[in-house]
1. Read phi for every residue in the range 179-196 and hand back ³J(HN,Hα) as whole Hz from Karplus 6.51 cos²θ - 1.76 cosθ + 1.60, θ = phi - 60°, with x for Gly and Pro.
2. Checking the cross-link filter: which aspartates and glutamates have an alpha carbon closer than 18 Å to that of Lys44, excluding same-chain neighbours under 8 positions apart?
3. Going by Cα centres, the range 4-30 and the range 77-103 are how many Å apart?
4. Under 18 Å from the Cα of Lys108, which lysines turn up, not counting those fewer than eight places away in the same chain?
5. What is the extension gain from Glu154 to Lys134, computed as 0.36 nm multiplied by their sequence separation minus the C-alpha to C-alpha distance, in nm to one decimal?
6. In bins 5 Å wide, starting from 0, what share of all Cα pairs of the range 1-67 does each bin hold, as a percent?
7. Rounded to the nearest 500, what is the chain's calculated 222 nm mean residue ellipticity when only DSSP H runs of at least 4 contribute -39500 (n - 2.57) each, over all residues?
8. Hey, what's the chain come to in accessible area per residue, 1.4 Å probe, Å²?
Amino acid sequence: MYEYISGILAELNPSYAVVENAGGIGWLINISLNTYSQIENQQKVKLYVHHVVREDAQQLFGFADKSEREIFRMLIDVSGIGPNTARVILSSMSPAELQAAILQENAKLIGKVKGIGPKTAQRVVIELKDKIAKADVADTAMAGGVQATGTHREEALAALVMLGYQKAQADKAIDQALAQDPRMSTEDLIKFALRNVK
């Protein structure tokens, strides 16, 4: 239905963006951590969207590029993976990392993502290996290395709570991450929590 939404980035946190277009409408768009890292320093953005319609809600999921949206759409076609779980997967791994894990049949790595058990991880590998092999997925790098200030901690905590963690569980995950490297960026804090805390 919608291909993309472009406009001024009115609000941004690691799990959603608000994009205001020329009509003065602010669109709330759910994003992955990968997309967050690509648009966080931009004033004007263009997000490729996927529109999800359910009985009780309508949601927009946005991506900095078409390749990430393509992988998102492949993921939600896998039995047992909904849009929010697909977003968590794409927040835990870049599209290139996920593509490599699938092609190498590394279900164990995919299974480390919060909410993905061994059977679902194996299903992702089996159902998507051929599709991923044919897909053109761009490699996108995560930026990091900024001192983890209070703002980084608060942003990471808010994002983890929105992604399904209890606040105490999210606090613990962030503490574990900062114990390993106190200079972790917001993105790195969230990625650590999504990969290491169940």
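The values are calculated or read from the model by the stated rules, or taken from the named source; none is laboratory data. Note that the coordinates shown come from a computational prediction; the quantities given were computed from them, not determined experimentally. In this analysis, Cβ positions are derived from the backbone assuming ideal geometry, glycine residues included, and neighbour counts consider all displayed protein chains. Remember, those area values only see protein heavy atoms, side chains included, never the ligands or the DNA or RNA. Shrake-Rupley method; radii C 1.70, N 1.55, O 1.52, S 1.80 Å.
1. 5, 6, 7, x, 9, 4, 6, 4, 4, 5, 4, 5, 4, 4, 4, 5, 8, 10
2. The reachable aspartates and glutamates, counting only those whose Cα sits under 18 Å from Lys44, are Glu3, Glu11, Glu20, Asp65.
3. Spelled out, the Cα-based centre of one part sits 23 Å from the other.
4. Lys119, Lys129, Lys191, Lys198
5. 3.2 nm
6. 4, 19, 32, 26, 14, 5, 1, 0
7. -14500 deg cm²/dmol
8. Details: 9740 Å² over 198 residues.
I get 49 Å² per residue for the chain.
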